[in-house]
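J.: Mind looking over this structure? Questions follow.
The values are calculated or read from the model by the stated rules, or taken from the named source; none is laboratory data. From a predicted model like this one, the values you see are computed outputs, not experimental measurements. Reconstructed Cβ throughout: ideal geometry from the backbone, glycine too, with neighbour counts over all protein chains shown.
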Amino acid sequence: MSDIGVQSVAAADPQESGLSQWQRVTNTFTAPSKTFEDIKRGNKSWWMPWLILSAVGYLFFAAVFLKVGMQQVVDNQIHLNPSQEEKLAQAPPAAREMTNKISLYVTEGAFAANPVLLFAVDAVVSVVLWGTINFVFGGKAKFGSIFALWFFAVLPSVIKTLLGTVVIFSGAAPESFNVKNFAPTNLGAFLNPIDTNKALYALATSLDVVTIWTLVLLGIGVATVAGVKRTSGYIAVFGWWAIIVLVGVGFALVTG
């Protein structure tokens, strides 16, 4: 009885304790399969990556607030859209002031609500991937597992955010800051967003090193927790990404 009991406890311990939060964070960069296997075993805690993403997000917020200025962020986005800039210039002063206030509040609110927005984005992405991998590829993923793995899979974005923070503090001109493309991790960062064809710029911006890294991690994670081939995970993740990119390029082509 004692031998059987000891063996049972020994077999159960690895699954019950699993990896620590910090181990899962570091393994996401060095051995992602270990992190996702741990999540598949039922260890679905995601608070550590969420805290890291939130903290780095607020650090970036502080950099933008101190070195660029929120009004400058709004002005830059308007300037990057010539048709909107022209329309706003022709509007009555009261309308321009109201539009500016709303834009400023929305921009500040988006930065301030970053931790909450992480949950919202995760929920939407998780629903889509959960449905895709289970009903299209015959997986057995649980929604909670995909919800948890997303926070780990997007951790590479921390590198992009920190790089953007360094660029801001290095003395980059506030007038050139683009909140939608703030770090040189994609081809679009090396193009002039005003002079470049809008569709080409949208495509170039989509070819982002950090984004692709994240998609690869998502593909591995989804396949792992669903118990399907890794190629199925890649197809599910990159398939949706391709659709989003094509829609964005198409919209830019029509409006540009």
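J.: Would you check which residues across the stretch 141-175 are closer than 28 Å to GLY131 by Cβ, over 15 Å from the mean Cα position of the chain (by Cα) and not in a loop (DSSP other than H, G, I, E, B) and list them?
T.: If the condition is that a residue be closer than 28 Å to GLY131 by Cβ, over 15 Å from the mean Cα position of the chain (by Cα) and not in a loop (DSSP other than H, G, I, E, B), then PHE143, GLY144, SER145 are the ones that fit.
J.: Just to be sure before I move on: is VAL136 among the aliphatic types (A, V, I, L, M), out of contact with any helix residue (DSSP H, G or I) (no Cβ under 8 Å at 6 or more places or on another chain) and either within 18 Å of VAL222 (Cβ to Cβ) or crowded, with 19+ Cβ neighbours inside 10 Å (or both) in the structure I sent?
T.: So VAL136 fails the test.
J.: A further question follows. Would you list the helices (runs of 4 or more DSSP H) that sit entirely within the stretch 24-79 and hold 1 or more residues that are among the small types (Gly, Ala, Ser) and within 23 Å of GLY227 (Cβ to Cβ)?
T.: Working: elements: 32-40, 47-63, 70-79.
Where helices (runs of 4 or more DSSP H) fall fully within the stretch 24-79 and carry at least 1 residues being among the small types (Gly, Ala, Ser) and within 23 Å of GLY227 (Cβ to Cβ), they are 32-40.
J.: Spot the failing condition for VAL9; the list is (1) at pLDDT 95 or above; (2) more than 27 Å from PRO115 (Cβ to Cβ), and only one is missed.
T.: (1)
J.: Residue check: is LYS101 over 23 Å from ASN43 (Cα atoms), modelled with pLDDT under 95, part of a helix (DSSP H, G or I) and not polar (S, T, N, Q)?
T.: yes
J.: For the stretch 214-241, which positions are crowded, with 18+ Cβ neighbours inside 10 Å, in contact with a Ser or Thr (Cβ under 9 Å, 6 or more places away or on another chain) and under 30 Å from PHE182 (Cβ atoms)?
T.: Scanning the stretch 214-241 gives THR214, LEU217, GLY219, ILE220, GLY221, VAL222, GLY233, ALA236, VAL237.
J.: What are the residues in the stretch 179-195 that are crowded, with 16+ Cβ neighbours inside 10 Å and part of a loop (DSSP other than H, G, I, E, B), if any?
T.: Residues satisfying the conditions are VAL179, ASN181, PHE182, ALA183, THR185, LEU191, PRO193.
J.: Which pairs turn up if I take residues in the stretch 96-124 that are among the charged types (D, E, K, R) and look for partners that are surrounded by 13 or more Cβ atoms within 10 Å (Cβ to Cβ) with beta carbon separation below 7 Å, at least 6 apart in sequence or on another chain?
T.: ARG96/LEU88; GLU108/MET70; ASP122/PHE147; ASP122/TRP150; ASP122/PHE151
J.: Something else: Are any residues in the stretch 18-44 crowded, with 17+ Cβ neighbours inside 10 Å and small (Gly, Ala, Ser), and if so, which ones?
T.: GLY18
J.: For the condition touching a Gly at 6+ places or on another chain (Cβ under 9 Å), aromatic (Phe, Trp, Tyr) and in contact (Cβ under 8 Å) with a residue 12 or more places away in the chain, what is the one hit in PHE169, PHE147, PHE182?
T.: PHE182
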